[in-house]
Amino acid sequence: MKKSARILLTACVALPVSVWALPADPALQCTLLKDNALRLACFDKVYAAQFPPQNLPEAAKSKPKTVDLVKTVEGSIEQQEPTVVFDYKEDVAAAGYEPTQALLDVADAYTPLSRLYDLDENSPEGILSVREHNPMYLMPLWYNSSPNYYPSSPTRGVTDDDKYSDQKRLEAKMQVSFKSKLAEGLFSTRSDLWFGYTQISNWQVWNQGKESAPFRNNDYTPEIFITQPVKADLPLGGKLRMLGAGFAHQSNGQSRPSSRSWNRVYAMAGMEWGKLTVIPRVWVRSFDQSGEDDDNPDISDYMGYGDLKMQYRFNDRQTLSGTFRLNPKTGKGAMEVGYTFPIKGKLKMYAQGFHGYGESLIDYNKKQTGIGLGLMLNDWDGF
């Protein structure tokens with residue numbers, strides 16, 4: 001046996017038993033995690049606290065907590081009065097848990113949904129910092145099968161504008177979106193108040209006619225919303241992680257007869273089944289003008305009363321997402337499906353398909369099918 005091999009064997013035999021018995025030590029299990037952020041969080045969780053919930057220090061008890069939804073409902077029924085029950089696992093992940101469970105708790109805290117809305121830990125960026133919101137992409141190739149040459153609405157009539165009547169089927173499509181946390185830890189819980197902004201633009205970049213490649217459409221959506229982390233089990237191994245509510249205004253910034261706008265108050269939830277993230281929303285129109293002052297009085301017939309967003313992560317760089325809308329009364333709705341895959345480094349390609357109504361506000365009552373290819377600047381997982 002070579003000298004170097006004998007030295008290595010001797011060193012290995014001399015190692016403490018705890019090193020060989022990795023499953024018995026959660027701290028050593030942390031070293032097996034390949035993701036840097038997850039590994040650091042694992043060590044933080046293991047060494048953060050050594051107390052069961054009843055013996056937590058007052059400082060820990062005063063921190064904003066996640067609401068345990070199931071225990072809150074059960075406690076309210078048992079006490080016959082509103083009772084809020086908090087989840088203390090984030091302070092005692094290493095106390096009273098098997099090592100594998102401690103690691104599972106840490107993994108839950110670093111899912112895409114948790115990072116997107118700070119459900120388990122507040123981002124070190126703090127409040128008033130710019131964060132990712134909806135996907136941000138640039139598609140220089142977007143093909144529309146049915147251009148809306150003469151947009152119309154019941155109150156605004158038909159729009160006769162060259163930028164619509166002369167539009168080409170092939171154009172560019174882009175979406176810019178961000179959010180910023182305005183306040184955190186509200187109501188002595190982990191409730192956060194957010195401001196979000198999303199802009200979708202359709203650019204006739206391939207149209208070199210008399211309109212000289214105009215921006216055919218711009219939709220602006222500022223919104224303000226609040227999120228409340230919760231914990232509850234769902235069927236088939238799912239978890240309810242978040243409840244929220246908000247107000248959104250959407251308009252295209254045009255003058256009549258091209259003006260389109262509406263306001264919504266919505267409620268939402270965030271759920272996870274392993275690699276599958278699901279965010280359903282329901283909304284009602286609110287604070288809108290009525291009669292002839294309403295740019296689009298029939299918009300709910302086409303846009304419905306809610307949507308369902310889904311994302312499945314094949315791995316850290318490859319995702320399949322979808323957004324679905326349907327008005328059961330009219331049978332009208334839409335489906336948008338996107339696929340993100342890596343090219344090189346952090347650069348990712350994005351393919352998107354759309355079918356239905358409301359691909360843009362100006363086309364809210366026009367049924368269309370579109371397909372495009374471009375670059376994903378960020379998705380739910382950030383840059």
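The values are calculated or read from the model by the stated rules, or taken from the named source; none is laboratory data. Since the structure is predicted, the reported quantities are computational estimates derived from the model, not experimental observations. So basically every Cβ, Gly included, is an ideal-geometry build from the backbone, and we count neighbours across all protein chains shown.
Overview of results
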quantity	calculated
Exclusive hit being small (Gly, Ala, Ser) and either within 21 Å of the chain's Cα centre (by Cα) or at pLDDT 95 or above (or both), set Ser165, Ser191	Ser191
Neighbours by Cβ (under 9 Å, 6+ apart or cross-chain): first from region 267-290, more than 23 Å from Tyr117 (Cβ to Cβ) and touching a residue at least 24 places away in the same chain (Cβ under 8 Å); second among the aromatic types (Phe, Trp, Tyr) and surrounded by 18 or more Cβ atoms within 10 Å (Cβ to Cβ)	Asp288/Trp262
Single condition Tyr197 does not satisfy, out of (1) at pLDDT 95 or above; (2) crowded, with 17+ Cβ neighbours inside 10 Å	(2)
Sole residue being over 20 Å from the mean Cα position of the chain (by Cα), exposed (fewer than 15 other Cβ atoms within 10 Å of the Cβ) and not hydrophobic (A, V, I, L, M, F, W, C), chosen from Ser286, Ser300	Ser286
Count of region 243-269 residues which are of a type in the set (Gly, Ala, Ser), surrounded by 19 or more Cβ atoms within 10 Å (Cβ to Cβ) and in contact with a Leu (Cβ under 9 Å, 6 or more places away or on another chain)	1
From Lys275, Lys346, Lys366, Lys329, residue being surrounded by 15 or more Cβ atoms within 10 Å (Cβ to Cβ) and charged (D, E, K, R)	Lys366
In region 110-128, the residues that are part of a loop (DSSP other than H, G, I, E, B) and under 17 Å from the mean Cα position of the chain (by Cα)	Tyr110, Thr111, Asp118, Leu119, Asp120, Glu121, Asn122, Ser123
Yes/no for Ser212 being out of contact with any Leu (no Cβ under 9 Å at 6 or more places or on another chain), farther than 30 Å from Ser191 by Cα, assigned to a loop (DSSP other than H, G, I, E, B) and modelled with pLDDT of 95 or more	no
Residue ranges of strands (runs of 3 or more DSSP E) in region 260-366 with at least 2 members β-branched (Val, Ile, Thr)	276-285, 319-327, 332-344
Pairs with Cβ under 9 Å, 6+ apart, first in region 293-315 and free of Cβ contacts under 8 Å to residues at least 24 places away in the same chain, second surrounded by 18 or more Cβ atoms within 10 Å (Cβ to Cβ) and aromatic (Phe, Trp, Tyr)	Tyr305/Trp283
